[in-house]
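This report refers to the structure that appears directly beneath it.
The values are calculated or read from the model by the stated rules, or taken from the named source; none is laboratory data. Remember, it's a predicted structure, so these values are computed and weren't measured experimentally. Don't worry about glycine lacking a Cβ; one is built from the backbone with ideal geometry, like all the others, and counts go over all protein chains shown. Protein only, heavy atoms only, side chains kept; ligands, DNA and RNA dropped before computing areas. Shrake-Rupley method; radii C 1.70, N 1.55, O 1.52, S 1.80 Å.
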Amino acid sequence: MRILLVEDHVELSHWVSKALRDAKLSVECAATGADADALLHTQDYALVILDLTLPKMDGLDVLRRLRARGGARGRTPVLILTARGGLEERVQGLNLGADDYLAKPFELAELEARVKALLRRSVGNEAVVHQCGQLSFDTIGRMFSYCGEPLALTPREHALLEALISRPGKAMSKEKLFDEVFSLDDDANLDAIELYIHRVRKKLDRRPDGGAAIATLRGIGYLLQEKPAA
């Protein structure tokens with residue numbers, strides 16, 4: 001559930017990305033249209049929040065190039081977020097393939113609601129629940145529960161555990177987990193994953209049996225598995 005936020009206003013970008021991370025979403029930021037276009041060529045995102053007035057490439061051109069690529073990446077949902085709120089530009093953006101349009105200034109609560117609505121639409125209307133032992137993750141509500149109770153996680157712990165539970169029975173390399181947990185502008189190195197693995201393990205270990213555990217597969221990566229009953 002990585003989101004690409006394309007916004008050249010530094011303060012607004014920080015404000016929006018913090019709000020979305022507080023909502024348990026992983027956010028990566030780009031400050032120019034050219035940077036966004038390059039990322040959309042090589043990275044997969046669940047949603048793009050796109051300003052229109054951008055340096056180096058206009059937001060509508062970024063959208064046009066994204067849709068022209070086709071394939072799964074070309075179908076990535078796009079929410080246009082801009083001060084250019086005239087009817088003609090709204091129509092042009094929607095005709096180019098934007099999924100929603102929110103004019104500045106806006107309320108964070110409305111932005112969060114629109115983001116969640118687009119994410120729900122992209123995965124279908126029915127909630128998908130991933131399960132591992134007594135650990136479950138509701139992909140629509142974006143909430144973990146463990147042994148029938150909500151599991152308190154920081155945004156990065158949440159991103160790590162979501163990546164693992166979303167791939168049942170499959171190990172993930174440290175490099176892939178790093179890509180899921182950290183954005184390109186984060187000041188972190190690969191070893192930081194081990195710290196978050198340790199923190200999540202401590203929260204899962206409070207259940208002696210029937211719960212879930214993260215196994216280390218030497219030379220391969222990490223695997224979330226059901227903890228065997230005592």
Looking only at residues that are closer than 18 Å to residue 156 by Cβ and of a type in the set (S, T, N, Q) in the range 1-42, which one is most open to solvent (accessible area, probe 1.4 Å)? 26
Taking residue 156 as meeting all but one of (1) closer than 17 Å to residue 221 by Cα; (2) not polar (S, T, N, Q); (3) not in a loop (DSSP other than H, G, I, E, B), write down the number of the exception. (1)
Can you name the condition, by its number, that residue 21 falls short on among (1) part of a helix (DSSP H, G or I); (2) under 26 Å from residue 176 (Cβ atoms); (3) in contact with a helix residue (DSSP H, G or I) (Cβ under 9 Å, 6 or more places away or on another chain); (4) modelled with pLDDT of 90 or more? (4)
Write out, first by first residue and then by second, each pair whose Cβ atoms fall under 7 Å of each other, whose residues are 6+ apart or on separate chains, and whose first residue, in the range 201-214, is on the phi > 0 side of the Ramachandran plot while the second is at pLDDT 80 or above. 210/133; 210/134
Which condition number does residue 136 fail, the rest of (1) at pLDDT 85 or above; (2) among the polar types (S, T, N, Q); (3) within 28 Å of residue 39 (Cβ to Cβ); (4) surrounded by 17 or more Cβ atoms within 10 Å (Cβ to Cβ) being met? (3)
Hey, does the range 191-200 have a residue that's under 30 Å from residue 7 (Cβ atoms), at pLDDT below 85 and among the hydroxyl-bearing types (Ser, Thr, Tyr)? no
Which of the residues belonging to the range 148-167 are in contact (Cβ under 8 Å) with a residue 40 or more places away in the chain, out of contact with any helix residue (DSSP H, G or I) (no Cβ under 7 Å at 6 or more places or on another chain) and either open to solvent by 80 Å² or more (accessible area, probe 1.4 Å) or acidic (Asp, Glu) (or both)? 162
Checked the range 153-173 for anything modelled with pLDDT under 85 and touching a Ser or Thr at 6+ places or on another chain (Cβ under 6 Å); matches are none
Just for the range 43-53: of the residues that are of a type in the set (A, V, I, L, M, F, W, C) and buried (at least 24 other Cβ atoms within 10 Å of the Cβ), which one is nearest to the chain's Cα centre (by Cα)? 47
Pairs under 7 Å by beta carbon, first residue within 21 Å of residue 113 (Cβ to Cβ) and of a type in the set (Gly, Ala, Ser) in the range 21-38, partner open to solvent by less than 30 Å² (accessible area, probe 1.4 Å) and part of a helix (DSSP H, G or I), six or more apart or different chains? 26/159
Within the bounds of the range 36-44, is there any residue that is within 20 Å of residue 187 (Cβ to Cβ) and touching a strand residue (DSSP E or B) at 6+ places or on another chain (Cβ under 8 Å)? yes
Of the conditions (1) at pLDDT below 90; (2) among the charged types (D, E, K, R); (3) part of a helix (DSSP H, G or I), the single one that residue 209 does not satisfy is (3)
Just a yes or no: is a residue in the range 187-195 crowded, with 19+ Cβ neighbours inside 10 Å and not aliphatic (A, V, I, L, M)? no
Considering only the range 55-105, state which residues are at pLDDT 85 or above, under 18 Å from residue 13 (Cα atoms) and open to solvent by 20 Å² or more (accessible area, probe 1.4 Å). 55, 56, 57, 58, 101
Can you tell me which residue within the range 117-133, out of those that are at pLDDT 80 or above and more than 17 Å from the chain's Cα centre (by Cα), is farthest from residue 213 (Cα to Cα)? 131
